[in-house]
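A quick write-up on the structure given underneath.
The values are calculated or read from the model by the stated rules, or taken from the named source; none is laboratory data. Quick caveat, the model's predicted, so the values are computed rather than measured. So basically every Cβ, Gly included, is an ideal-geometry build from the backbone, and we count neighbours across all protein chains shown. The accessibility values were calculated without ligands, DNA or RNA, using every heavy atom of the protein model including side chains. Shrake-Rupley method; radii C 1.70, N 1.55, O 1.52, S 1.80 Å.
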Amino acid sequence: MKYKELKIVARMIFSKNKSRDVYEVRVTDLNGEVQPHRMLYIQPLREKGLVKRADLIKPLTAWLNTEEGNTYFEQKTTIMY
């Protein structure tokens, strides 16, 4: 695994265009250092069946902290700041 912990810290909901809704994810690397936050789009996660409601994040957080979730996160996110 590349990350020690991935934690969803916020969500940004755009009422007119749901395809732009994103989660803000705090990234902690294997050394325990916090990296820049990243954006993770919600719509592809809905299509994969991982998100049913945007405010239910516990199952998604658990999945992101698996090997498969880490790989998906690395491929599908962009750095926020």
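Here the Karplus relation 6.51 cos²θ - 1.76 cosθ + 1.60, evaluated at θ = phi - 60°, turns the backbone of the stretch 45-57 into coupling constants of 5, 5, 5, 6, x, 8, 10, 9, 10, 5, 8, 9, 10 Hz, with x for every Gly and Pro. Close amide-amide hydrogen proximity is noted between R11 and E24, each under 5 Å apart and 5 or more residues distant or on a separate chain (H modeled in the peptide plane; Pro and chain starts excluded).
With only Lys, Arg, Asp and Glu charged, each at its Cβ (+1 for the first two, -1 for the last two), find how big the charge dipole of the chain is about the Cα centre; round to the nearest 20 debye. Taking the Cα centre of the chain as origin, the dipole is about 420 debye. The share of accessible area on the chain that comes from carbon and sulfur is 52 percent, using a 1.4 angstrom probe. Spatially close Lys pairs in the chain, defined by Cα atoms under 23 Å apart and a spacing of eight or more places or different chains, total 21. Here are a few candidate values for Cα Rg over 2.2 N^0.38 Å: (1) 2.67; (2) 1.03; (3) 1.14. Which one was actually calculated from the structure I just gave you? After the calculation, the listed value that fits is (2). When the charge dipole of the stretch 8-75 is built from unit charges on Cβ atoms (+1 for Lys and Arg, -1 for Asp and Glu) and taken about the Cα centre, the candidate among A10, T61, V34 whose Cα reaches farthest toward its positive end is A10.
Residue ranges 39-47, 26-34 sort as 39-47, 26-34 when ordered by packing (mean number of other C-beta atoms within 10 Å per residue, highest first). Across the stretch 68-74, rounded Karplus estimates of 3J(HN,Hα) from the backbone phi angles (6.51 cos²θ - 1.76 cosθ + 1.60, θ = phi - 60°) give 4, x, 4, 5, 4, 4, 4 Hz, Gly and Pro being marked x. The H on the amide N of E5, modeled in the peptide plane, is under 5 Å from the matching H of T28, each at least 5 residues off or on a different chain. Along the stretch 37-42 the Karplus relation, 6.51 cos²θ - 1.76 cosθ + 1.60 evaluated at θ = phi - 60°, assigns HN-Hα couplings of 5, 10, 9, 10, 5, 7 Hz to successive residues, with x for each Gly and Pro. Using a cutoff of 8 angstrom between alpha carbon atoms and counting only pairs six or more residues apart, the relative contact order for the chain works out to 30 percent.
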